[in-house]
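The values are calculated or read from the model by the stated rules, or taken from the named source; none is laboratory data. No experiment lies behind these values; they were computed from the predicted model shown. Here the Cβ positions follow ideal geometry from the backbone for every residue, glycine too, while neighbour counts run over all protein chains shown. For accessibility, only protein heavy atoms count, side chains too; no ligands or nucleic acids. Shrake-Rupley method; radii C 1.70, N 1.55, O 1.52, S 1.80 Å.
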Amino acid sequence: MSGPVLLDPVLLVPEEGDPQRRHDATFESWDTAFSALRDTINLGVRALNGVGAGLPELPGGSLEELVVLPLSGDYTAIRQNATACVTTGAAWAAWAGNLDRLAVHVALGWGGLAGAACAARIEGLALAGRAVGAVVERGALVLEEVADVSERLGVEVEHLVVELGKAMARLVRRLLSRACGPAGWAALAAEVTMKGLDAIADLVDDVRLVVDLLQRLLELKETVPVWARHVGDRLALLASLPDLVP
């Protein structure tokens, strides 16, 4: 009696997932320039505060450290894991199908109670394999959703970073043109003395815009842990995999 025809459960390392959204091409250049612009702006903020502006300084650290890494994650690697879940689920299904064929072959070729018991055991393993495959593929759906949200957050961060960079560059140009060197600061202070804070209203507005954009980035950062806990709860289903195999 010839043996059963078995399928080959293929398990290949998946490639990284491709971007699914349009990204901001100028993000990297603004991210690199952020630290230099931030330090120049903070010097200007300290000088403006010396004449009563009462403005906050920008926080230290690069934008990557402040918001991008905590927010976006590596969506390409997440999609790679989702693909791996799909491939693994299909492999478990193929393995379960092979066990079904083996059980039939055993039942036909091995009579008596021993053959029936062996066939039943193999069928039980096949059922467990299908259950494992189904759970793993459910994990793929969650990971695809995580990747999509991760990339959407990344694009939103990139957009805000670019807007922030433009505002910072404009502010630096105004600071340098209005108050370059000790003589410039002295002239600006004298203008404030005569005209009040209206004399530096444009600078104050730009500083507040920069602070507001950065605050929006930081607030976006605060929303991620809540979402991540929710995703973690959904991915906990994968922890049940060892219990499915008898």
**OP:** Mind giving me the nanometre distance, one decimal, between the label points for ALA77 and ARG208, set 7 Å out from Cα along Cα→Cβ?
**Re:** 4.2 nm
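Between THR32 and LYS166, how high is the FRET efficiency from 1/(1 + (r/R0)^6) when r is the Cβ-Cβ distance and R₀ = 22 Å? Nearest 0.05. Show your work: numbers first, answer last.
Values: r = 14 Å, r/R0 = 0.66.
The pair THR32/LYS166 has a calculated efficiency of 0.95.
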**OP:** Quote to one decimal, in nm, the extra length available between CYS118 and ARG46 on full extension: 0.36 nm per residue of separation minus the C-alpha distance between them.
**Re:** 17.8 nm
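Mind checking the per residue accessible area of the range 31-168 for me, 1.4 Å probe, whole number of Å²? Intermediate values should be presented prior to the final figure.
On the way: 5970 Å² over 138 residues.
Per-residue accessible area for the range 31-168 comes out at 43 Å².
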Original post:
How do the peptides 33-45, 113-125 rank, highest first, by the average count of neighbouring beta carbon atoms within 10 Å per residue?
Top reply: 33-45, 113-125
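Highest mean first, what order results for 158-166, 47-55 on Cβ atoms within 10 Å? List each step's numbers first, then the result.
On the way: 158-166: 19.8, 47-55: 15.9.
So the order, starting with the most tightly packed, is 158-166, 47-55.
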Original post:
Under a point spin-label approximation (7 Å from Cα along Cα-to-Cβ), what is the ASP39-LEU176 distance to one decimal in nm?
Top reply: 1.4 nm
Original post:
Dividing the Cα radius of gyration by the Kirkwood radius, what Rg/Rh value follows for the range 117-192?
Top reply: 1.69
